[in-house]
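Let me begin by presenting the structure, written as structure tokens, before commenting on it.
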Amino acid sequence: MSYKASLVKLAIKWTPKFLVLWVANIILKGIAELTYFAFDIDTRKAYVAINLTGESETIEVWLEDFYIISDETSFQFVVQQARSNRLWLNNLLAHVTGKTWKIPEIPQYSAQLKLVAELLEAKG
């Protein structure tokens with residue numbers, strides 16, 4: 001892993017949860033409130049709890065074993081396992097898990113995409 005990727009990984013680990021929640025809730029104001037967030041870059045697990053505006057129940061989503069596959073010309077994102085506490089969302093997640101999803105190429109963000117791909121490269 002490059003020096004830059006190692007620094008970003010460390011920054012991700014050290015970022016306080018309250019800061020992630022605060023920034024996310026500024027962005028989501030009027031749409032939803034992120035009530036809990038957990039992200040482990042080493043084990044490739046993420047959990048979010050979110051309340052949509054006007055809804056009374058919290059939506060929970062768990063993602064596991066996600067990674068980016070890269071080659072010389074393209075990047076693809078994969079989520080191996082995903083589930084939710086909502087049936088409709090589980091049905092939607094069933095259509096995207098276990099498949100490779102091509103990440104669109106945006107030339108002005110190619111350096112950032114390469115860094116993210118390095119951080120989330122497939123283990124094995």
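The values are calculated or read from the model by the stated rules, or taken from the named source; none is laboratory data. These numbers were taken from a predicted model, which means no experiment stands behind them. Methodologically, a virtual Cβ is constructed for each residue, glycine included, from the backbone with ideal geometry; neighbour enumeration extends over all protein chains shown. Accessible surface areas use protein heavy atoms only, side chains included; no ligands, DNA or RNA. Shrake-Rupley method; radii C 1.70, N 1.55, O 1.52, S 1.80 Å.
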Legend entry - Tally of residues being farther than 30 Å from ALA111 by Cα and not in a strand (DSSP E or B) across the stretch 57-88: 6
Legend entry - Selection within the stretch 89-109 - in contact with a strand residue (DSSP E or B) (Cβ under 9 Å, 6 or more places away or on another chain) and either open to solvent by 100 Å² or more (accessible area, probe 1.4 Å) or in a strand (DSSP E or B) (or both): THR100, TRP101, LYS102, GLU105
Inset, instruction - Among the numbered conditions (1) free of Cβ contacts under 8 Å to residues at least 24 places away in the same chain; (2) open to solvent by 70 Å² or more (accessible area, probe 1.4 Å), tell me where VAL79 comes up short. - result: (2)
Inset, instruction - Could you tell me whether TYR36 is closer than 30 Å to LYS114 by Cβ, in a strand (DSSP E or B) and modelled with pLDDT of 95 or more? - result: no
Legend entry - Checklist (1) exposed (fewer than 12 other Cβ atoms within 10 Å of the Cβ); (2) in a helix (DSSP H, G or I) applied to GLY54, failing item: (2)
Inset, instruction - Would you mind stating whether VAL116 is farther than 22 Å from LEU10 by Cα and not basic (Lys, Arg)? - result: no
Legend entry - Complete set of residues in the stretch 1-30 that are within 16 Å of ILE41 (Cβ to Cβ), of a type in the set (Gly, Ala, Ser) and not in a helix (DSSP H, G or I): SER2
